[in-house]
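The values are calculated or read from the model by the stated rules, or taken from the named source; none is laboratory data. The model shown is predicted, which means the values in this text are computed figures rather than measured ones. All Cβ positions, glycine included, derive from the backbone under ideal geometry; neighbour counts span all protein chains shown.
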Amino acid sequence: MLHYLGKGHTVYLDNFYASVPLAEALFKEKTGCVGTLRENRRGNPKEVVKKKLKKGEVVWMKIGPMLVTNWRDKCNVRMISTKHKHKMIEIQVKRGSKKNKPACVDDYNKNMFGIDRSDQMLAYYSTPRKTVHWYRKIFFYLIDLCIWNAYCIYKKENGQNTRLLHFREKVIMSLWRTEYTECRSI
């Protein structure tokens, strides 16, 4: 991120990366930060992240430039943001009803949709298994990611509503046919 720091950009992080010290460091570099928080991260304000909430309730705390929010939807959603002030917004849900949610959650959902969706789809059809060595897992993860990206491009370009599993099968069959044809010609 070296070339992007200090230019007023905002970084959106999932809970693997987001933390209070990272948000502070990014803020000092004039870079915004919005992300989901893990409950057990060091530096989290315990009175916010450990709070038991009922559906729709929210608790938040401002720590310097950071906003730490804990909002209960179906489960607790813990957020950290150096970009937002605490504000609840009304959104329309699927069946026409309305509900309130923190603005930082709505912003995060709008900007992280593609990443979260790819993680979700890669989890459904994951190639590596537990017994595989770490370097092979990375290799297979990159293959899965390439297939996901190709699938997104294919759907956008062709306008076809093909399922990811069928797309993967087509890719495998086309690669297999190519290899089989080359072997027969030798």
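Pull up segment 90-144, narrow it to residues that are assigned to a loop (DSSP other than H, G, I, E, B) and either among the charged types (D, E, K, R) or at pLDDT 85 or above (or both), then point me to the one that is nearest to T69 (Cα to Cα).
K94
Which one of the conditions (1) surrounded by 11 or more Cβ atoms within 10 Å (Cβ to Cβ); (2) modelled with pLDDT of 80 or more does S174 fail to meet, given that it meets all the rest?
(1)
Tell me, yes or no, whether segment 78-86 has at least one residue that is in a loop (DSSP other than H, G, I, E, B) and in contact with a Phe, Trp or Tyr (Cβ under 8 Å, 6 or more places away or on another chain).
yes
From the residues in segment 12-59 that are touching a helix residue (DSSP H, G or I) at 6+ places or on another chain (Cβ under 6 Å) and in a strand (DSSP E or B), which one is nearest to R72 (Cα to Cα)?
Across segment 12-59, the extreme among qualifying residues is V59.
Can you tell me which of (1) at pLDDT 90 or above; (2) under 21 Å from the mean Cα position of the chain (by Cα) is the one D14 doesn't meet?
(1)
Which number in (1) touching a His at 6+ places or on another chain (Cβ under 8 Å); (2) free of Cβ contacts under 8 Å to residues at least 40 places away in the same chain; (3) not polar (S, T, N, Q) marks the one condition that E57 misses?
(1)
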